[in-house]
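The values are calculated or read from the model by the stated rules, or taken from the named source; none is laboratory data. The structure displayed is predicted, hence computed values, not measured ones. Because the Cβ atoms are built from the backbone with ideal geometry, glycine has one as well, and the counts that use them run over all protein chains shown. Accessible surface areas use protein heavy atoms only, side chains included; no ligands, DNA or RNA. Shrake-Rupley method; radii C 1.70, N 1.55, O 1.52, S 1.80 Å.
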Amino acid sequence: MRYTFLLVLILLVGGCSSNGPIAPLIGCDVEKFQPLAVGNYWVYERVDSTTMQTEYDSISVASVADVAGKSIYTIRRFTNDSLQSTLEATYTSEQLLEVLPGRHNDLLTKRSCLCPEARGVVLYCADELPGVRGSRIADSLPTLDQDGELYYTIMEYRWATSGTHTSGTFKDLGQVLFSPAPIFYTPIRTVHMVVNDSTVLVEPEWAQFDTGKRYIASEMKITRTYLYNVGMISEEIQRIADLPSFLAEHDVHYVRRLVRYGRR
C-alpha cells in the first residue's frame, strides 16, 4: 500500500512539472496593456517603406485632466525630437479611445487643415473591435465656377472603422529587442484595424474634384501589438488614398518598433 501511494505521488509531481515558466493567468485590462500616466514615454524606430528612411518617433503623456468623471490624457508625438501632434486618449468601459489614424492624421504629417479628428476604440477586451461611424463638417474649399466667380463648397468629413483582436505571449513574437526586456510569457494583444475615411462635397450639388468625383476617399490599415505593463511595442500603418492632383500627399506605409520606454 505504501509503495502504491509513492507511485501515485511521483506520477502527480511528474505530470505537473514544466520545462519553463508558466504563462501567468492575467485577464485583459486595457490600462495595463497601454499604461497611461503623466511622464510615461515610448521611443520607436520607424522605417518608412516609401522613402526607405529610418527615423525615431517618441510618444509621451504630457498631462491628465478630469472631464465629466473621465481622465483625459494629453499625448504628444515627436519625430526626431520635433513635435508632430498633440492628441487625447481616455479609458472607458474596458476600452481605450484615441484619435484614429486617417488621411488627415497619419501620425507623420503635420496637419495643414482644420479637419475634425475621428475618435474611436483602438484597444478592447474582446475579439471584435467595436466599430465606429461618424461625420463632421470639414474645411470649406474656395474655388472658381465656370464664370470665374469665387464660391465656397461645404465639405463633410466621414469615417468608419472595423477590426479584430488576438491574444498571445511575448514569446510568440520571436526576436524583438528593446529595453527593459520582459519575460517570454508576458501577455500581448494584437489589434488589426481598418479606417475608411472620406471628404465629401455637400454643396453645391454640381461641384466636383478634378478626379471627376464628389469625394476623396482613403483606407488606412493598422496593426498594433500591445505588451502587458509596457504599452504599444509595434505598429504598422498602410494608407491608400484616392487623392486629386492638387494634393501632394503620398500613400504611407511604415513600421514602428519600440526601442525603449520608461517614465520621466
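A few comments on the model shown:
- Conditions (1) within 21 Å of A126 (Cβ to Cβ); (2) of a type in the set (F, W, Y); (3) out of contact with any helix residue (DSSP H, G or I) (no Cβ under 7 Å at 6 or more places or on another chain): number failed by Y228: (3)
- Condition check for E235: surrounded by fewer than 17 Cβ atoms within 10 Å (Cβ to Cβ) and touching a strand residue (DSSP E or B) at 6+ places or on another chain (Cβ under 6 Å): no
- Set side by side, the residues R189, R133 differ, and just one is modelled with pLDDT of 80 or more and crowded, with 16+ Cβ neighbours inside 10 Å, which is R189.
- In a residue-by-residue description of segment 123-146, the property of being acidic (D, E), over 13 Å from the mean Cα position of the chain (by Cα) and more than 30 Å from F33 (Cβ to Cβ) applies to at least one position.
- In segment 72-90, of all residues being polar (S, T, N, Q) and surrounded by fewer than 15 Cβ atoms within 10 Å (Cβ to Cβ), the one that is nearest to the chain's Cα centre (by Cα) corresponds to T86.
- Being of a type in the set (S, T, Y), free of Cβ contacts under 8 Å to residues at least 12 places away in the same chain and surrounded by fewer than 15 Cβ atoms within 10 Å (Cβ to Cβ) holds for only one residue in S63, S93, S49, and it is S93.
- Residue count for segment 198-215 satisfying the condition of being open to solvent by less than 90 Å² (accessible area, probe 1.4 Å) and of a type outside the set (K, R): 10.
- Hey, T109 of a type in the set (V, I, T), in contact (Cβ under 8 Å) with a residue 12 or more places away in the chain and within 24 Å of Q53 (Cα to Cα) or not: yes
- Only a single criterion out of (1) exposed (fewer than 15 other Cβ atoms within 10 Å of the Cβ); (2) at pLDDT below 90 is not satisfied by R103, namely (1).
- Total residues in segment 24-83 satisfying the condition of being assigned to a strand (DSSP E or B) and among the small types (G, A, S): the figure is 7.
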